[in-house]
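Student: This structure is in structure tokens; I'll ask about it shortly.
The values are calculated or read from the model by the stated rules, or taken from the named source; none is laboratory data. All figures in this text were calculated on a predicted structure; none of them were measured in a lab. With ideal geometry, Cβ positions are generated from the backbone for all residues, glycine too; neighbour counts draw on all protein chains shown.
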Amino acid sequence: MSVSASSSAEQARKDLAAQLGEIRLDAGLKGSHLAARLGWYPSKVSRIQTARTSPSADDIRAWCTACGAEDQAADLVQQLRDVEGMFIEWRRMERAGLRRAQQAVRPLFERTSRFRAYSSWFVPGLIQSRAYTETVLRAVQRRRVAVDDVDAAVAARMERQQILHESGRTFAFLVEESVLRSGMGGREVMAGQLGQLITIGSLPNVSLGIVPMRADRTRMPVEGFWIYNSEQVNVELVSGYLTITQPREVTTYAETFAELADLAVHGAEARALIALALRSLE
């Protein structure tokens, strides 16, 4: 499975465009007639209706008014905002610094009782050590964020980790074995992080699986993702942050998580792989 920003967000844009097209048809207007009413070039109507151009909120309101469908404008504007929120570029999310981005997910975490996370790049944030978190966020800040609020962002992530100890929540983490040997932050940082994985994995509400490196592996690694209950998936891409809520796609990620979990080792076998990675740092 390969998921891009277009897989879910682009479909939502097409759905919005299709609804605008239906409103025009219901009004008995050709595209050229609607353009004339709006004072637009006909090509703009065509681009919006075929999802080649995203409409603005004002475009939607004007479109609905011209078609005598003012009562539908508010819902369509909200739909537009939902679409725009599905894929957010990092530069937009982190414009004011990393702390705000850390705090933005707090409401989502608070309303989630079942967490599933898979990572092929690094240790998931909820089970990172402080030193590892500082290393990761410092690397992010140096690469793409002008504001240096790493200390505050680290504190926000550490505070969020308290959710691991709240009753009524379960957590399942899958990590590729290569993550254990990434060398992130150097030997001391990695040793501390590996020790934390052993500690976190012993919590009664936490399942920690390590997907071992094998020559006969049948399921390729994929991009890291989080599943919140069975309602939402978030994927961290190189270019931005993707939110998926379409049930079909959420199910696809849940199935992928289950397949990767079948490849993973848990319990004593997982601790053995972590201990092996620890010994390699000596």
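Student: Step by step: first the residues of region 240-267, then only those that are of a type in the set (A, V, I, L, M, F, W, C), in contact with a helix residue (DSSP H, G or I) (Cβ under 9 Å, 6 or more places away or on another chain) and more than 30 Å from residue 79 (Cβ to Cβ), then the one that is surrounded by the most Cβ atoms within 10 Å (Cβ to Cβ). Which residue is that?
Tutor: In this case the residue turns out to be 264.
Student: Identify the single condition in (1) of a type in the set (Val, Ile, Thr); (2) in contact with an Asp or Glu (Cβ under 8 Å, 6 or more places away or on another chain); (3) assigned to a strand (DSSP E or B) that residue 243 does not satisfy, given that it satisfies every other one.
Tutor: Result: residue 243 passes all but (2).
Student: When region 233-249 is examined, which residues are found to be under 13 Å from residue 9 (Cα atoms) and not aromatic (Phe, Trp, Tyr)?
Tutor: Those that are under 13 Å from residue 9 (Cα atoms) and not aromatic (Phe, Trp, Tyr): 233, 234, 235, 240, 242, 243, 244, 245, 246, 249.
Student: Can you confirm whether residue 177 is modelled with pLDDT of 95 or more, surrounded by fewer than 21 Cβ atoms within 10 Å (Cβ to Cβ), within 24 Å of residue 262 (Cβ to Cβ) and under 22 Å from the mean Cα position of the chain (by Cα)?
Tutor: For residue 177, the condition - modelled with pLDDT of 95 or more, surrounded by fewer than 21 Cβ atoms within 10 Å (Cβ to Cβ), within 24 Å of residue 262 (Cβ to Cβ) and under 22 Å from the mean Cα position of the chain (by Cα) - is met.
Student: Based on what the data block shows, is residue 282 at pLDDT 95 or above, of a type in the set (Asp, Glu) and either farther than 21 Å from residue 108 by Cα or out of contact with any strand residue (DSSP E or B) (no Cβ under 7 Å at 6 or more places or on another chain) (or both)?
Tutor: Considered against the rule, which asks whether it is at pLDDT 95 or above, of a type in the set (Asp, Glu) and either farther than 21 Å from residue 108 by Cα or out of contact with any strand residue (DSSP E or B) (no Cβ under 7 Å at 6 or more places or on another chain) (or both), residue 282 comes out as no.
Student: Follow-up question, since we're still on this one. Mind checking which pairs have a first residue in region 254-278 that is touching a residue at least 40 places away in the same chain (Cβ under 8 Å) and farther than 24 Å from residue 229 by Cα and a second that is surrounded by fewer than 19 Cβ atoms within 10 Å (Cβ to Cβ) and among the charged types (D, E, K, R), Cβ under 8 Å, 6 or more apart or different chains?
Tutor: From region 254-278, the pairs are 273/177; 277/177; 277/181.
Student: What do you reckon, is residue 140 more than 16 Å from residue 98 (Cβ to Cβ) and assigned to a helix (DSSP H, G or I)?
Tutor: no
Student: Which of the residues spanning region 230-262 are touching a Leu at 6+ places or on another chain (Cβ under 9 Å) and either at pLDDT 95 or above or over 17 Å from residue 123 (Cα atoms) (or both)?
Tutor: Of everything in region 230-262, those that are touching a Leu at 6+ places or on another chain (Cβ under 9 Å) and either at pLDDT 95 or above or over 17 Å from residue 123 (Cα atoms) (or both) turn out to be 232, 233, 257, 260, 261.
Student: Could you tell me how many of the residues in region 35-53 are assigned to a helix (DSSP H, G or I) and either in contact with a Cys (Cβ under 7 Å, 6 or more places away or on another chain) or closer than 20 Å to residue 80 by Cα (or both)?
Tutor: Adding up the residues that qualify gives 7.
Student: Only one of (1) at pLDDT 95 or above; (2) under 20 Å from the mean Cα position of the chain (by Cα) is not met by residue 222, so which one is it?
Tutor: The single condition residue 222 does not satisfy is (1).
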